[in-house]
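This report concerns only the one structure given below.
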Amino acid sequence: MSENKIPYKIYLSEDEMPKAWYNLRADMKNKPAPLLNPATLQPMTAQELEGVFCSELVKQELDDTTPFFEIPQEIRDFYKMYRPSPLVRAYCLEEKLQTPAKIYYKFEGNNTSGSHKLNSAIAQAYYAKHQGLKGVTTETGAGQWGTALSMACGYLGLDCRVYMVKCSYEQKPFRREVMRTYGASVTPSPSETTAVGRKILQEHPGTTGSLGCAISEAVEVATSTPGYRYVLGSVLNQVVLHQSIIGLEAKTALDKYGVKPDIIIGCAGGGSNLGGLIAPFMGEKLRGEADYRFIAVEPASCPSLTRGKYAYDFCDTGAVCPLAKMYTLGSGFIPSANHAGGLRYHGMSSTLSQLYHDGYMEAVSVEQTQVFAAAEAFARVEGILPAPESSHAIRVAIDEALKCKETGEEKTILFGLTGTGYFDLYAYQKYNDGQMSDYIPSDEDIAASLSQLPRVD
Ligand SMILES: *Cc1c(COP(=O)(O)O)cnc(C)c1O
């Protein structure tokens with residue numbers, strides 16, 4: 001089929017929606033390193049993990065060999081509310097940039113949570129429900145994950161307790177109200193409601209919190225309340241597995257038109273959307289069937305892949321979680337105020353960390369004023385108001401398209417547009433008023449934080 005027949009939006013039918021998630025780890029020669037018990041430094045057993053997570057999710061977490069997991073019918077039915085998501089050919093952006101590159105984006109913002117996080121939220125809530133649990137606890141930074149989980153729990157009738165990073169709680173009251181509307185209880189973190197919260201408040205009076213603190217609180221509540229488990233919206237293998245639906249749909253849509261991307265770009269906070277988007281393409285690369293360039297984009301203010309260390313670290317500030325081997329800035333790293341709240345995590349998925357370490361993927365960091373300039377340019381021609389997180393991918397997609405303009409190469413670029421920015425208008429206001437700053441941590445800041453890494457030999 002010739003190029004000009006490709007529509008602006010490629011929609012799949014419900015029947016074309018994937019019926020199984022793809023487990024990228026099955027095709028990795030070097031598997032991601034196992035989670036370790038912080039006390040014994042031995043790999044966490046399923047039994048130990050089941051104190052924190054739902055049993056079925058523990059199986060998914062530990063399974064490095066099964067390539068496909070069937071998506072239960074009930075989850076597929078929920079997905080149909082907002083999936084398959086469109087794959088858009090960015091003709092207008094190409095025109096504006098005057099680039100010979102062909103740009104596609106997979107848009108995950110078409111649901112009330114405003115992001116891809118709902119893909120994993122419904123899966124995690126479903127397994128909790130089927131285990132007969134009463135409820136789940138979690139943390140949320142920017143609020144997208146908390147909203148997604150509230151929606152999934154509201155649908156299934158599960159209790160949902162969200163610890164929300166305090167600065168977001170204060171800056172984004174509307175997100176909080178969306179969560180409450182779906183039935184969740186929302187507590188600003190750090191809080192006085194947990195032992196770890198009280199300890200953090202004592203050590204850092206007046207702190208506006210971090211994802212790492214909120215995780216510690218949510219885990220404490222889950223492990224000390226009967227009938228509750230903890231769920232996490234990123235970083236874990238299981239989340240990357242659920243998010244593979246993004247890449248599987250994108251690949252089906254592109255295959256229909258015989259399009260093969262040269263470059264695949266995604267923003268990386270904990271790595272779930274990127275891991276999901278690239279999954280089937282990376283699988284082909286790992287099996288030697290095709291080659292692609294993969295680019296992870298992170299904020300210059302929280303550069304775990306580009307400036308962090310590949311080491312075992314705590315997943316949370318309170319050090320109550322297992323240790324994960326990942327690119328990390330240190331669990332005590334509290335990034336400066338950056339408006340891409342979903343990208344302010346100190347570590348990176350161990351699956352993506354291993355792939356990056358083995359040279360299968362590249363990473364770049366970008367500064368936030370440049371990110372917002374890209375967001376503005378994109379919004380003006382493509383219509384969608386992008387989330388600040390997603391705009392990191394837009395920035396690099398534009399940069400790659402501009403390189404094609406210089407060289408005359410007609411590369412095909414695919415990027416993940418993870419969500420919308422309606423709750424980020426405070427950040428847009430800063431940008432519009434010319435008051436946005438770029439904060440980049442110094443080498444000393446990072447070294448100080450990395451000096452606190454746990455010793456694991
Ligand atoms: C949470 C979030 C991200 C980053 O999370 P990943 O796990 O790295 O995908 C990116 N974009 C949006 C809109 C988000 O809500």
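With K and R counted +1 and D and E -1, the other residues having a Cβ less than 11 Å from that of A377 yield a net charge of +1. Cross-link reach is defined here as a Cα-Cα straight distance under 19 Å, omitting same-chain residues fewer than 8 places apart; for K285 the aspartates and glutamates meeting it are D27, D64, E249, D255, D262, D358, E362. The Rg/Rh ratio of the range 356-457, with Rg taken over Cα atoms and Rh as the Kirkwood radius over Cα pairs, comes to 1.06. Among residues other than S350 with Cβ under 12 Å from its Cβ, the summed charge is 0 (Lys and Arg +1, Asp and Glu -1). DSSP assigns beta bridges within the chain; of those with both partners inside it, close to 35 percent run antiparallel.
In the range 37-133, Cα pairs under 8 Å separated by at least six residues give a relative contact order of 26 percent.
Each part reduced to its alpha carbon centroid, the range 270-301 and the range 309-344 end up 21 Å apart.
Among 421-429, 437-445, 26-34, 184-192, the peptide with the highest mean count of other Cβ atoms within 10 Å heads the list, and the full ranking is 184-192, 421-429, 26-34, 437-445. Sorting the segments 158-167, 241-250, 125-134 by their mean number of nearby beta carbons within 10 angstrom, highest to lowest, gives 241-250, 158-167, 125-134.
Cross-link pairs exceeding 22 Å in C-alpha to C-alpha distance, out of K5/K260; K309/K403; K29/K325, comprise K309/K403. For the range 251-360, the gyration tensor built on C-alpha atoms gives a prolate shape. Its axis ratio a/c (a ≥ b ≥ c) is at least 1.5, and a/b is the larger of a/b and b/c.
The slack between R287 and F68, meaning 0.36 nm per residue of separation minus the straight C-alpha distance, is 77.3 nm.
By its C-alpha gyration tensor, with a ≥ b ≥ c as the square roots of the eigenvalues, how is the range 325-410 shaped: rounded for a/c under 1.5, else prolate for a/b larger than b/c, else oblate? Oblate.
Computed over Cα pairs, the Kirkwood radius of the range 1-89 leads via Stokes-Einstein (1.002 mPa s, 20 °C) to a diffusion coefficient of 131 µm² per second. Computed over the chain, the per-residue total of -39500 (n - 2.57) for DSSP H runs of n ≥ 4 gives a 222 nm mean residue ellipticity of -12500 deg cm²/dmol, rounded to 500. Here the convex hull built on the C-alpha positions of the range 173-314 has a volume of 187 cubic angstrom per residue. How many angstrom separate the Cα center of the range 170-227 from the Cα center of the range 18-76? Answer, in whole Å: 26. Cysteines in the chain that lack a partner Cβ within the 4.7 Å cut-off: C54, C92, C167, C213, C267, C302, C404. Ignoring lysines fewer than eight residues from K199 along the same chain, the ones with Cα atoms less than 21 angstrom from its Cα are K166.
Using only the Cα atoms of the chain, build the gyration tensor, take square roots of its eigenvalues as a ≥ b ≥ c, and label the shape rounded, prolate or oblate: rounded if a/c is under 1.5, else prolate if a/b is larger than b/c, else oblate. Taking the square roots of the gyration eigenvalues as a ≥ b ≥ c, the chain is rounded.
None of the figures in this text is laboratory data; all of them are computed from the coordinates on show. All of these numbers come straight from a predicted model, not from anything done at the bench. Every residue, glycine as well, gets a Cβ built from its backbone with ideal geometry; the counts of neighbours run over all protein chains shown.
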